[in-house]
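Step one of this worksheet: look at the structure below.
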């Protein structure tokens, strides 16, 4: 299934994290090593947590709790299934039950679903050109203004580069809903980017 190209600047994808992950070993773990499966996702999970929480300390706590829960629940993990989607789902659910997550989701409901929209296969649109030329701070601000449901699906698709199936598993929603929500999230982000771009241009004009 073709996917529309819509990329965040590379500088936003990598966040340097320097803190110690503390895990307590669980008895009777399956033969597959939890560390071997989990640690390659560490930095990306932290980056995802930073986008969700907007706070580095809170993101660190979220990742710590995610790994603790994942380690405890690892005996029930099915070998051969998608570990990445599994651990991202744990992080996402942990966030949603946190104080920040509860505040973020306790907003006026919006139409997240609606009718499924077909995503064009083109890799470059006027919006992607606008995004590539937009200041990183404008992109970050526009992302932060999105509802959590829009922000998470965009991050999983564009930053984490998950397939629709992986996103469906992570968010526990049908693939059709993933596509519909992603389309609406992109539109909302484009709108935020345009507003930020116009505001930035206005400030530059005033400073001349």
For region 112-127, state whether one or more residues are modelled with pLDDT of 50 or more, surrounded by 15 or more Cβ atoms within 10 Å (Cβ to Cβ) and part of a helix (DSSP H, G or I).
no
Criterion (modelled with pLDDT of 55 or more, more than 29 Å from residue 185 (Cα to Cα), not in a helix (DSSP H, G or I) and not assigned by TED's automatic domain parsing to the domain that holds residue 160) met by exactly one of 79, 31, 27
79
Quick check on my filter: what residues within region 40-55 are in contact (Cβ under 8 Å) with a residue 12 or more places away in the chain and over 19 Å from residue 147 (Cβ atoms)?
41, 42, 43, 44, 45, 46, 47
For region 150-163, which positions are assigned to a helix (DSSP H, G or I) and surrounded by fewer than 18 Cβ atoms within 10 Å (Cβ to Cβ)?
none
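The values are calculated or read from the model by the stated rules, or taken from the named source; none is laboratory data. Given the structure is predicted, the values throughout are model-derived calculations rather than measurements. Please note: Cβ atoms are built from the backbone with ideal geometry, for glycine as well, and neighbour counts cover all protein chains shown.
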